[in-house]
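Chemist: Attaching a single structure in structure tokens format; questions to follow.
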Amino acid sequence: MSAEKKTDFHVVNHSIPRRDGRVKVTGKAQYVADLKLIGMAYAKVLRSPYAHAKIISIDKSRAEGHPGVYCVVTGYDLDGLNPYFGHAVKDHPLLAIEKVRYAGEPVAAVVAIDERTAFEALEFIDVKYEELKGVFTPEEAMAADASTLEAFLDRMTALLGALAEEIQRRWFEPAELPQQLVRLA
């Protein structure tokens, strides 16, 4: 191609300035964290220090009594709701329930009058853990004493069964249902 043809492009082959570029590089861009509203509450999350542990108990009473704290929530407070989320499969609890599965997993959340008060209240939440053995390699996972995710497997089995029933109800006559799905249920 000649040099003249390369300059004929109007869409490709040249940079286009980003609309938000100038405010971002000058530090003038507004983000959600920058917003301050009258009467706004602040939330902070207490996270697990363990990669794999059973939650023995959570005492949030001191944090709830701390001045300026509106509420303290744990996974046990989500009873009656569906506390799970996920992209393809809703298998991840909003706050840990019964056990933690990775270091940094949210265990409790504090809502308070300001950010400092919320941070302070985290220090008053007493969580007792029983650390469990982690599984980090395929060989460890195949060992007889390896920990399993029974609750996860139970949820996935129930989900697959419900999915197979829904597919059968909506799209197939019983005789036409693929046998692979019947076996999963």
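The values are calculated or read from the model by the stated rules, or taken from the named source; none is laboratory data. In this text the structure is predicted, and so the values were computed from the model without any measurement. Note that we place each Cβ from the backbone using ideal geometry, even for glycine, and neighbour counts take in every protein chain shown.
Chemist: Taking the options Glu105, Glu64, Glu98, Glu123, name whichever one is within 30 Å of Asp34 (Cβ to Cβ), modelled with pLDDT of 85 or more, within 20 Å of the chain's Cα centre (by Cα) and charged (D, E, K, R).
Modeler: Glu105
Chemist: Follow-up. Listed residues Pro17, Pro67, Pro93; which is without any contact (Cβ under 8 Å) to a residue 60 or more places away in the chain, within 30 Å of Val135 (Cβ to Cβ) and not acidic (Asp, Glu)?
Modeler: Numbers: Pro17 fails: within 30 Å of Val135 (Cβ to Cβ); Pro67 fails: within 30 Å of Val135 (Cβ to Cβ).
It is Pro93.
Chemist: Could I ask something else about it? Quick one: is Val12 surrounded by fewer than 15 Cβ atoms within 10 Å (Cβ to Cβ) and either in contact (Cβ under 8 Å) with a residue 24 or more places away in the chain or of a type outside the set (Gly, Ala, Ser) (or both)?
Modeler: Yes, satisfied.
Chemist: Now, a different point. Can you confirm whether the stretch 75-95 contains a residue that is assigned to a loop (DSSP other than H, G, I, E, B) and modelled with pLDDT of 90 or more?
Modeler: Scanning the stretch 75-95 turns up at least one residue that is assigned to a loop (DSSP other than H, G, I, E, B) and modelled with pLDDT of 90 or more.
Chemist: Here is a follow-up. Could you tell me which residue of the stretch 35-70 is nearest to Arg116 (Cα to Cα), considering only residues that are in contact with a strand residue (DSSP E or B) (Cβ under 8 Å, 6 or more places away or on another chain) and polar (S, T, N, Q)?
Modeler: Among those residues, the one meeting the criterion is Ser48.
Chemist: For the stretch 111-129, what are the residues that are within 17 Å of Pro49 (Cβ to Cβ), assigned to a strand (DSSP E or B) and of a type outside the set (Ser, Thr, Tyr)?
Modeler: Answer for the stretch 111-129, where residues must be within 17 Å of Pro49 (Cβ to Cβ), assigned to a strand (DSSP E or B) and of a type outside the set (Ser, Thr, Tyr): Asp126, Val127, Lys128.
Chemist: Quickly run through the stretch 15-34 and pick out the residues that are surrounded by fewer than 10 Cβ atoms within 10 Å (Cβ to Cβ) and closer than 27 Å to Glu115 by Cα.
Modeler: Selection gives Thr26, Gly27, Lys28, Gln30, Tyr31, Val32, Ala33, Asp34.
Chemist: Please pick out the residue among Ala103, Ala109 that is in contact (Cβ under 8 Å) with a residue 40 or more places away in the chain and loosely packed, with under 15 Cβ neighbours inside 10 Å.
Modeler: Only one candidate passes the filter, namely Ala103.
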